[in-house]
Structure formats: C-alpha cells, structure tokens
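Here it is, the structure in full.
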Amino acid sequence: MKRPILIHPDPRLKKLCTEVDDVSDELRVLAADMLETMYEAPGIGLAAPQIGVLSRLIVLDCVKDEAEAPRPLVMVNPRVVASSDERNVYEEGCLSIPDQYAEVERPKVVDVEWMDLNGALQKETFDGLWATCVQHEIDHLDGKLFIDYLGAMKRQMITRKMVKLKKERAREKA
Ligand code: K1U
Ligand code: ZN
C-alpha cells in the first residue's frame with residue numbers, strides 16, 4: 001500500500017528514530033509499503049520517518065537505467081561503519097522537499113552494516129550515487145535533512161517555499 005510522504009517542515013522529520021528490536025511480519029509489510037511508495041513517487045530512496053514511522057528502516061534502489069534489473073534494498077538499523085576521505089558532490093533532492101535540489105558534499109565511498117528482512121547481518125561497500133543515497137537516508141533516521149548541510153539563507157528560502165506549498169496543498173484538499 002502506498003503511503004503519504006510527509007513534507008518539510010514537520011516535527012517527525014527532525015526526530016531521532018529508534019532501533020528496530022526484531023524483524024516481524026509487520027515490519028516486512030512496512031518495508032513493502034515503503035518500496036511501493038518510493039517507486040511510485042518516483043524516488044531512489046525512502047526512510048521510515050518520511051511516512052511518519054519513527055523506526056530505523058530505509059529502502060533504496062539507485063538503478064536508474066531501465067534496461068538494468070531493479071535492485072531494491074531494505075535496511076534495518078543501517079549504520080555507516082567506515083567512510084572514505086575522498087569526497088563527492090552530488091545534487092541531492094528529497095521526496096519530503098519536492099522540486100528543490102542542492103549540491104551536498106559527502107564521503108564518496110562508505111561501508112554500511114544493516115540487518116535484512118530475514119534478520120541476517122549484511123555489510124556492503126557503496127560508491128557514487130548509492131553511497132550518496134544511503135547516507136541521505138541514514139541522515140533521515142537521525143532527523144537530518146540535506147538542507148541542513150546548506151547555509152542558513154538557502155535553508156530558510158527552501159523552508160519558506162515548503163510552508164507555502166503545504167498551505168496550497170491544504171487549501172486544495174479543503
Ligand atoms: O530520501 C528521499 O527523500 C529520496 C530521495 C533520495 C536521494 C536523491 C538524491 C540524492 C540523494 C538521495 C529521492 O529519491 S529524490 C528523487 C530522485 O532523486 C529521483 C527521482 C526519479 C529518478 C531519479 C532520481
Ligand atoms: Zn530525503
């Protein structure tokens with residue numbers, strides 16, 4: 001089931017999310033809903049707080065080429081365990097901040113550990129867009145948005161645009 005995506009500013013997007021204790025059928029349904037919501041948006045990642053669930057769960061699929069097979073990844077309690085000194089700049093977007101993009105600098109390569117939906121521990125090295133995206137999604141679990149890497153002026157400008165967008169959407173609904 002597709003779930004509505006929260007738009008910034010929303011207090012739930014600023015919260016530190018709690019660790020998942022065990023992999024349940026409820027969690028598997030939530031992960032399936034998140035993948036459906038991400039693909040439908042469309043996006044290349046989604047974190048649970050973006051649909052109002054304050055648990056450490058993310059999904060991503062950075063395969064952009066339609067000729068390539070999709071590679072949906074579900075990560076429970078993901079954490080970056082090593083990062084490269086080499087850095088990469090990517091123009092990031094966010095499904096909770098529609099139509100706004102800005103360059104963010106992050107480590108180019110990261111090693112990430114997580115639990116999969118079978119409860120097994122996984123570890124993988126990510127590079128390029130995959131590395132950018134997984135760091136962006138883990139930031140969501142710590143209440144951090146890509147605009148928090150920008151200067152105050154740019155961040156305020158984007159936040160004002162989002163407040164306006166939310167008012168317009170609320171008016172359309174009424
Ligand atoms: O977390 C999110 O809000 C999802 C976000 C992930 C992301 C994008 C770019 C850099 C880092 C992280 C998005 O998916 S925004 C939409 C987007 O980038 C996209 C949409 C369709 C095709 C390709 C990309
Ligand atoms: Zn985002």
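I'm told residue 73 meets every condition in (1) surrounded by fewer than 21 Cβ atoms within 10 Å (Cβ to Cβ); (2) within 14 Å of ligand 1 (Cβ to nearest atom); (3) closer than 16 Å to residue 137 by Cβ except one. Can you identify the failing condition by its number?
Here residue 73 clears every test but (1).
Restricting attention to segment 128-174, which residues are farther than 27 Å from residue 64 by Cβ and open to solvent by less than 40 Å² (accessible area, probe 1.4 Å)? Give the steps one after another, and end with the answer.
To start, the set of residues in segment 128-174 that are farther than 27 Å from residue 64 by Cβ comprises 143, 151-153, 155-157, 159-160, 163-164, 166-174.
Answer for segment 128-174, where residues must be farther than 27 Å from residue 64 by Cβ and open to solvent by less than 40 Å² (accessible area, probe 1.4 Å): 143, 159.
Same structure again: If you take the residues of segment 137-167 that are without any contact (Cβ under 8 Å) to a residue 60 or more places away in the chain and outside any helix (DSSP H, G or I), which of them is farthest from residue 55 (Cα to Cα)?
151
Say whether the condition of being within 11 Å of ligand 1 (Cβ to nearest atom), within 17 Å of the chain's Cα centre (by Cα) and open to solvent by less than 60 Å² (accessible area, probe 1.4 Å) is met by at least one residue in segment 105-127. Before the answer, list the steps.
In the first step, residues of segment 105-127 are kept if they are within 11 Å of ligand 1 (Cβ to nearest atom); the result is 106.
Within this subset, residues satisfying the condition of being within 17 Å of the chain's Cα centre (by Cα) are 106.
Among the residues that remain, those that are also open to solvent by less than 60 Å² (accessible area, probe 1.4 Å) are: 106.
Among the residues of segment 105-127, at least one is within 11 Å of ligand 1 (Cβ to nearest atom), within 17 Å of the chain's Cα centre (by Cα) and open to solvent by less than 60 Å² (accessible area, probe 1.4 Å), which makes the answer yes.
Let me ask something additional. Of all residues in segment 91-104, which are open to solvent by 70 Å² or more (accessible area, probe 1.4 Å) and either out of contact with any Phe, Trp or Tyr (no Cβ under 6 Å at 6 or more places or on another chain) or among the aromatic types (Phe, Trp, Tyr) (or both)? Give the steps one after another, and end with the answer.
In the first step, residues of segment 91-104 are kept if they are open to solvent by 70 Å² or more (accessible area, probe 1.4 Å); the result is 91, 99, 101, 103.
Hits for segment 91-104 are 99, 101, 103.
Within segment 103-114, is even one residue within 13 Å of ligand 2 (Cβ to nearest atom) and under 17 Å from residue 39 (Cα atoms)?
No, because not a single residue in segment 103-114 is within 13 Å of ligand 2 (Cβ to nearest atom) and under 17 Å from residue 39 (Cα atoms).
Shifting gears a bit: Among the residues of segment 29-42, is any at pLDDT 95 or above, more than 11 Å from ligand 1 (Cβ to nearest atom) and assigned to a strand (DSSP E or B)?
No, that holds for no residue.
May I ask you to verify whether residue 96 is within 10 Å of ligand 1 (Cβ to nearest atom) and of a type in the set (Gly, Ala, Ser)?
Details: within 10 Å of ligand 1 (Cβ to nearest atom): yes; of a type in the set (Gly, Ala, Ser): yes.
Considered against the rule, which asks whether it is within 10 Å of ligand 1 (Cβ to nearest atom) and of a type in the set (Gly, Ala, Ser), residue 96 comes out as yes.
Cβ-Cβ below 9 Å, separation at least six or inter-chain, first residue in segment 110-126 and of a type in the set (Lys, Arg), second open to solvent by less than 30 Å² (accessible area, probe 1.4 Å) and in a strand (DSSP E or B): which pairs?
Qualifying pairs under 9 Å: 123/112; 123/114.
Test of understanding: among 65, 22, which residue is open to solvent by 60 Å² or more (accessible area, probe 1.4 Å), touching a residue at least 24 places away in the same chain (Cβ under 8 Å), of a type outside the set (Lys, Arg) and farther than 30 Å from residue 165 by Cβ?
Values: 65 fails: touching a residue at least 24 places away in the same chain (Cβ under 8 Å).
Only one candidate passes the filter, namely 22.
Evaluate the following for residue 23: is it within 16 Å of ligand 2 (Cβ to nearest atom), outside any helix (DSSP H, G or I), of a type outside the set (Ser, Thr, Tyr) and modelled with pLDDT of 95 or more?
Values: within 16 Å of ligand 2 (Cβ to nearest atom): no; outside any helix (DSSP H, G or I): yes; of a type outside the set (Ser, Thr, Tyr): yes; modelled with pLDDT of 95 or more: yes.
The answer is no for residue 23.
The values are calculated or read from the model by the stated rules, or taken from the named source; none is laboratory data. All of these numbers come straight from a predicted model, not from anything done at the bench. Note that we place each Cβ from the backbone using ideal geometry, even for glycine, and neighbour counts take in every protein chain shown. Heavy atoms of the whole protein, side chains included, go into the accessibility calculation; ligands, DNA and RNA do not. Shrake-Rupley method; radii C 1.70, N 1.55, O 1.52, S 1.80 Å.
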